[in-house]
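Please treat every number below as a calculation from the coordinates, not as lab data. The shown structure was predicted, so the numbers you read here are calculated from the model rather than taken from an experiment. Methodologically, a virtual Cβ is constructed for each residue, glycine included, from the backbone with ideal geometry; neighbour enumeration extends over all protein chains shown.
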Amino acid sequence: MNLKLRNPLAFFDLETTGTNITTDRIVEIAIVKVLPNGEKITKEMRINPTIPIPYESSLIHGIYDEDVKDKPTFKQIAKDLANFLEGADLAGFNILKFDLPMLAEEFLRAGVAFDPSARKIVDVQRIFHLMEPRTLSAAYKFYCQKELVNAHSALADTLATFEVLDAQVEYYKDVALLDKDGKPYYPVQNDVQALHNLTASNIVDFAGRIVLDEKGVAVFNFGKYKGVPVLEALKKEPSYYDWMMNGDFPLNTKQKLTQIRLSQFNQK
């Protein structure tokens, strides 16, 4: 082991019902606690979130309501989990933005003491992004094996983006992922419609305030009506439309909102 540790270092990752720290819940947690002598102690458990798991979330992590209906709740395992993490520093990938706030929120709801600020925290993603920037220049070098000259020149960046996509469809043509049933599928296809479906199929407005859900229904993607169909929210609170139209939202968002609202009247 290359890591030099004074305290145990607990690497952890969460699977959840969604990405909202306050309203979503943990459905699975995995921890690898690495001791200073290199010994690894692993703990993995599924958790009953006490709320339904959205289908789109299940498609990502493969955990469905049926899989966790008989599992303990977080409150039931919170004390044992806190004891397991006692004295350990914390590490993970992108834990500062999501996993750590979510875990801390669950401990607070359970009424179990857990103070991340008293520990050292290592976010592996930040090291990765620092040392291997996720930029067009980096993508150009990776996929095309060439240095991007005149980076941030509009024409140079545009030509490089074409070359990157051209290389991607070849690079990933035989690369398969697994769907929810464990069957392989090939997400990157040499077809613009397929690439659109992969990267932008749920977009309604360009700011992402409104998106399409898995049924193709336009839903709000922010605020108190997040996840609620736009027409349903406007029916419940008609003044919400005026609030958005008079608010600091992009014109494109207001345009799409108006189109959706007018579609309701056109259907009558």
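Brief remarks on what is shown
- Shape of segment 129-268, Cα gyration tensor, a/c cut at 1.5: prolate
- Length added when fully stretched, Y64-N20, from 0.36 nm per residue minus Cα-Cα: 14.0 nm
- Stretched out straight at 0.36 nm per residue, the stretch from C144 to S239 would grow longer than its current Cα-Cα span by 29.0 nm.
- Put a dot 7 Å past the Cα of A200, heading toward its Cβ, do the same for A118, and the two dots end up 5.0 nm apart.
- For q = 0.07, 0.15, 0.17 Å⁻¹, Debye-computed log10 I/I(0) when each Cα of the chain counts as one equal scatterer: -0.38, -1.30, -1.32
- Sum of -39500 (n - 2.57) over DSSP H runs of 4+, divided by residues of the chain (222 nm, nearest 500): -12000 deg cm²/dmol
- Distant-in-sequence amide contacts of N202, defined by a placed amide H-H separation under 5 Å and a gap of 5 or more residues or a different chain, comprise nothing.
- Per-pair calculated FRET efficiency, R0 = 41 Å: K40 and D181 via Cβ, rounded to 0.05: 0.80
- Bridges between two residues of the chain, per DSSP, are antiparallel at a rate of about 75%.
- For the residue pairs K75/K183; K141/K183; K33/K79; K183/K226; K183/K215, alpha carbon separations beyond 24 Å are given by K75/K183; K141/K183; K183/K226.
- For N221, the amide hydrogen comes within under 5 Å of the amide hydrogens of I210, V211, G227, counting only partners 5 or more places away or on other chains and with H modelled in the peptide plane.
- Phi-derived couplings, Karplus 6.51 cos²θ - 1.76 cosθ + 1.60 at θ = phi - 60°, listed residue by residue for segment 32-37: 10, 8, 9, 8, x, 7 Hz, with x used for Gly and Pro.
- Vicinal HN-Hα couplings computed from phi for segment 124-137 (Karplus, 6.51 cos²θ - 1.76 cosθ + 1.60; Hz; Gly/Pro x): 5, 4, 5, 5, 4, 5, 5, 8, 10, x, 8, 10, 4, 4
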